[in-house]
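All remarks here apply to the structure that follows.
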Amino acid sequence: MSDEIISKKIKEVRYLTDKELDYEGWEAPCLVLVLEGNTLLYPSKDAEGNGPGRLFMRKEKKKSVILA
């Protein structure tokens, strides 16, 4: 699995589309990273995929929420 994302460049940062949200069974918006090869990388609130999660960014010692 990790081989599919190591060294891949991020092509796009966007929210999941309505169709993608429907596929997951989610209603809340979710940020997605689109990698080369059209691999989608997005957070889930748990291992079962019961809903979208929050993505954080850290620069030095400051942390900010990208998606609340």
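Using a cut-off of 9 Å between beta-carbons, work out the net charge of the residues near Thr39 (Lys and Arg +1, Asp and Glu -1, Thr39 not included). Write down the numbers at each step before the final one.
Values: positive: Lys8; negative: Glu4, Glu36.
Here the count lands on -1.
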### Task
Return the distance in nm (one decimal) between the two label points of a simple spin-label model at Ile5 and Leu40, each offset 7 Å from Cα along Cα→Cβ.
1.4
### Message
Quick check: at a probe of 1.4 Å, how many percent of the accessible area of the chain sits on carbon and sulfur atoms?
### Response
51
### Task
Enumerate the amide H contacts of Leu55 below 5 Å, restricted to partners 5 or more residues apart or on another chain; note that Pro and chain-start residues carry no placed amide H.
Ile66, Leu67
### Query
Once amide H atoms are placed 1.01 Å from N in the peptide plane, what residues at a sequence separation of 5 or more from Tyr15, or on another chain, have their amide H within under 5 Å of its amide H?
Val32
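Work out the FRET efficiency for Lys63 and Glu24 from their Cβ-Cβ distance, taking R0 = 35 Å, and round it to the nearest 0.05.
Values: r = 26 Å, r/R0 = 0.75.
The computed FRET efficiency comes out at 0.85.
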#### Entry: Base-10 log of normalised Debye intensity for the chain (one unit scatterer per alpha-carbon) at q = 0.18 Å⁻¹
-0.77
### Task
Report the relative contact order of the chain, percent, no decimals, based on alpha-carbon pairs under 8 angstrom and at least 6 residues apart.
23
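The values are calculated or read from the model by the stated rules, or taken from the named source; none is laboratory data. This structure is a prediction, so every number in the text was calculated from the model and none was measured. Cβ coordinates were reconstructed from backbone atoms using ideal geometry, including for glycine residues, and neighbour counts include every protein chain displayed. In case anyone asks, the SASA skips ligands and DNA or RNA and just uses the protein heavy atoms, side chains included. Shrake-Rupley method; radii C 1.70, N 1.55, O 1.52, S 1.80 Å.
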